[in-house]
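Chemist: Here you go, one structure.
The values are calculated or read from the model by the stated rules, or taken from the named source; none is laboratory data. Being a predicted model, the structure only gives us computed values, none of them experimental. Backbone-built Cβ (ideal geometry, glycine too); neighbour counts: all protein chains shown. Ligands, DNA and RNA are excluded from the accessible area calculation, which covers all protein heavy atoms including side chains. Shrake-Rupley method; radii C 1.70, N 1.55, O 1.52, S 1.80 Å.
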Amino acid sequence: MQNAEYLELVRTPGDREEHYARVVDRYYELVTDVCRDVWSDSFHLAWFAEGQRLPEAQLTLQRWLADQGRFSAGDRLLDVGCGIGGPAAAIAEHTGAEVTGVNICGHQVQVARSLHRDSEVGQRLTFVEADAMALPFGPAEFDGVFSIEALCYAPDRQHAYAQIAKVLRPGGGFVGVDWFCADGLSDADYARWVEPMCQGFAIPHVIPFGALKGLLQAAGFEVESVSRYSDHGDIGPNWQLHDANAAQAGGDRPDPAAGGFETLLAASMPALREGIEQGKVVMGCWVARKRADAAQDRPDRRGERA
């Protein structure tokens, strides 16, 4: 996809949804190097304890997910929307599990393989180009699943959750963090506070945070908890980090209506921040387990792998 086509498609929710696979793929082809400069190998925000720097805060979030999922050595885990593999490597290191990461962006899959090919933990990592809307795995193939700020790119969240339930063994944990909109937004509020963020990050649309629990339950999960990033720590340092990088770049605040990929990218984080500060965007978390009656079980293989 050329930039001109990308810029045309990313401007409207309908086009972003209809062409999500190509749009998201192109977006991450364009931003991966820029993101690495700011976020290193973990392309996600975090909550911060006092005095924490970004890598420490990201690792805290990743380990929190692994602990809430009760992931352990010998487990086979799936990372849905794995980026370039930073969180997959951290969780594999923390738990002793094997992690398969899936990503719709082939460029990022190649980067992930290259980064981790020669590392010790890399022997327990596999990266696959695949779409969360059509996971290429068999029933109950995984002991646990996690996803970090990635399922917002799925055009049908209910279907994506159902795909995850299909490949997860009954009783297995499904944990994650993602971006949502506030409940009960008018169309005007969504257009004002949420749509600019979606354009900037190439997200088809986001669902209300209040819908999360019901969608997970409908997909076959028992929901243990839902929470917000701000329930766990301070999210302010995310914006301070962005402001520091913007100041270093020396640019004025961009106008997303001006067009151009660089303009949209530069406006994306301010749009996210404003949406959150206005209470229109929510960064949320969940801890869930696949119900035993959701699908046919398979034998527990953890003993065989020990």
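Chemist: Using 0.36 nm per residue of separation minus the Cα-Cα distance, give me the extension gain between R22 and D67 in nm, one decimal.
Modeler: This chain segment gains 12.8 nm when fully extended.
Chemist: Would you calculate a helix-derived [θ] at 222 nm for the chain, using -39,500 (n - 2.57) for each DSSP H run of n ≥ 4 and dividing by the full residue count, to the nearest 500?
Modeler: Computed mean residue ellipticity for the chain: -13000 deg cm²/dmol.
Chemist: Which net charge results when you count Lys and Arg as +1 and Asp and Glu as -1 among the other residues whose beta-carbon is under 15 Å from that of A191?
Modeler: Here the count lands on 0.
Chemist: Rounded, prolate or oblate: which fits segment 33-124, taking a ≥ b ≥ c as square roots of the Cα gyration tensor eigenvalues, rounded meaning a/c under 1.5, else prolate when a/b beats b/c?
Modeler: Oblate, since a/c reaches 1.5 and b/c is not below a/b.
Chemist: Still on this structure, I have one more. Accessible area of the chain with a 1.4 Å probe: how many percent of it is carbon plus sulfur?
Modeler: 47 percent
Chemist: Sticking with this one: Roughly what % antiparallel, to the nearest 5, for the DSSP beta bridges in the chain?
Modeler: So the antiparallel bridges in the chain amount to around 45 percent.
Chemist: Something else about it: What does the convex hull of the alpha-carbon atoms of the chain project to on average, in nm²?
Modeler: 15.2 nm²
Chemist: As an exercise, use a Förster radius of 22 Å and the Cβ-Cβ distance of M133 and M1 to find the FRET efficiency, rounded to the nearest 0.05.
Modeler: 0.75
Chemist: Heavy atoms only, probe 1.4 angstrom, no DNA, RNA or ligands counted: give me C198, C35 ranked by accessible area, highest first.
Modeler: Sorted by accessible area, descending: C35, C198.
Chemist: Taking a ≥ b ≥ c as the square roots of the Cα gyration tensor eigenvalues, with a/c under 1.5 meaning rounded and otherwise prolate when a/b beats b/c, else oblate, which class fits segment 182-227?
Modeler: prolate
Chemist: If a paramagnetic tag sat 7 Å from the Cα of E141 along the Cα-Cβ line, which residues of segment 72-106 would have the backbone N under 17 Å from that point?
Modeler: The answer is 75-82, 98-105, whose backbone nitrogens lie closer than 17 Å to the label point.
Chemist: Would you please name the GluC sites (Glu not before Pro) within segment 10-103 that are DSSP coil residues with at most 16 other C-beta atoms within 10 Å of their C-beta?
Modeler: E50
Chemist: Sum up the charges of everything whose Cβ sits under 14 Å from the Cβ of Q52, counting Lys and Arg as +1 and Asp and Glu as -1, but leave Q52 out.
Modeler: My count for the surroundings of Q52 gives -1.
Chemist: Rounded, prolate or oblate: which fits segment 113-233 when a ≥ b ≥ c are the square roots of the eigenvalues of the alpha-carbon gyration tensor, with rounded for a/c under 1.5 and prolate only if a/b beats b/c?
Modeler: Note, shape of segment 113-233 comes out prolate.
Chemist: Something else about it: Please give the net charge around I84, taking every other residue with its beta carbon less than 11 angstrom from that of I84, where Lys and Arg add +1 and Asp and Glu add -1.
Modeler: 0
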